[in-house]
1. Does at least one position in the range 77-96 carry a residue that is part of a loop (DSSP other than H, G, I, E, B), in contact with a Ser or Thr (Cβ under 8 Å, 6 or more places away or on another chain) and under 16 Å from Cys166 (Cα atoms)?
2. Hey, Val150 hits all of (1) open to solvent by 30 Å² or more (accessible area, probe 1.4 Å); (2) under 15 Å from Asp11 (Cα atoms) but one; which does it fall short on?
3. Wholly within the range 97-205, which helices (runs of 4 or more DSSP H) include no fewer than the required count, namely at least 3 residues that are farther than 18 Å from Ile30 by Cα, modelled with pLDDT of 95 or more and more than 12 Å from the chain's Cα centre (by Cα)?
4. Considering only residues that are of a type in the set (A, V, I, L, M, F, W, C), without any contact (Cβ under 8 Å) to a residue 40 or more places away in the chain and open to solvent by 30 Å² or more (accessible area, probe 1.4 Å), which ones fall in the range 9-66?
5. Among the residues of the range 67-76, how many are open to solvent by less than 30 Å² (accessible area, probe 1.4 Å) and either assigned to a helix (DSSP H, G or I) or within 15 Å of Leu170 (Cα to Cα) (or both)?
6. Taking Thr81 as meeting all but one of (1) open to solvent by 70 Å² or more (accessible area, probe 1.4 Å); (2) closer than 26 Å to Pro155 by Cβ, write down the number of the exception.
7. Keeping to the range 85-103, report how many residues are buried (at least 19 other Cβ atoms within 10 Å of the Cβ) and without any contact (Cβ under 8 Å) to a residue 60 or more places away in the chain.
8. Could you say whether any residue in the range 168-185 is touching a Pro at 6+ places or on another chain (Cβ under 9 Å) and farther than 15 Å from Gly46 by Cα?
Amino acid sequence: MVAKMKIRCVDTETTGMPSDTERGHALVEIGWCDLTVHIDGDMDVGEPAGELVNPGRPIPVQARAVHHISDADVEEAINPTEACMILNDGDHEYVCAHNIDFEKQFVGIGDRKWICTYKSALRVWTDAPGHKLGELMYFLEIDKEPDFDVSKAFPAHRAPPDAYVCAFVLRRLLRETTMADILKWSSGPALVHMCFLKKHKGKPW
């Protein structure tokens, strides 16, 4: 089949989340999984892949508790610059992530455009009980799709499995809306439908 477009879904694990009071966080793992869109409309999810990354600084306990990657694990790993080069090496036209506002702080993609499955999912599936990758995987019953390999989707909070799930979420989005809308939503703010404050948590704004 002739390919119409290729989109690279990426995910990263890091030493933490940059903030006004704490900077200098870096990559500890990258993951990627390509979604190929064919001329006839078929869409194939590729194999997930990944690399551990030496961040050049200790991994805090709080971050390790999420992804379970230790300083010893990344001691001989590639550096963040090499990691970004790997993610950019390919014939993909777009780069997709589930929360591009976070990934943009760690990954440069040259002149390619970003796609955000999180911002798009908020628009398309307003009735979802949550919009994290794992929540969408079960809400949309992606785990029941015939070409979905559950073993490649775990452990959660590791870059290759999360990139794999992201590719399936993106495929569902492309089946239910247009690329033009996805690009428009991805370039704007996240539209939150449900209140997240304690008193009214879970209620529509």
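1. No, the range 77-96 contains no residue that is part of a loop (DSSP other than H, G, I, E, B), in contact with a Ser or Thr (Cβ under 8 Å, 6 or more places away or on another chain) and under 16 Å from Cys166 (Cα atoms).
2. Of the numbered conditions (1) open to solvent by 30 Å² or more (accessible area, probe 1.4 Å); (2) under 15 Å from Asp11 (Cα atoms), the odd one out for Val150 is (2).
3. 117-124, 133-139, 159-176, 179-186
4. Ile39, Leu52, Val61, Ala65
5. So the answer is 2.
6. Of (1) open to solvent by 70 Å² or more (accessible area, probe 1.4 Å); (2) closer than 26 Å to Pro155 by Cβ, only one is false for Thr81: (2).
7. Result for the range 85-103: 0.
8. no
The values are calculated or read from the model by the stated rules, or taken from the named source; none is laboratory data. Note that the structure is a prediction, hence the values are computed from the model and not measured. Reconstructed Cβ throughout: ideal geometry from the backbone, glycine too, with neighbour counts over all protein chains shown. Note: areas computed on protein heavy atoms with side chains; ligands, DNA, RNA excluded. Shrake-Rupley method; radii C 1.70, N 1.55, O 1.52, S 1.80 Å.
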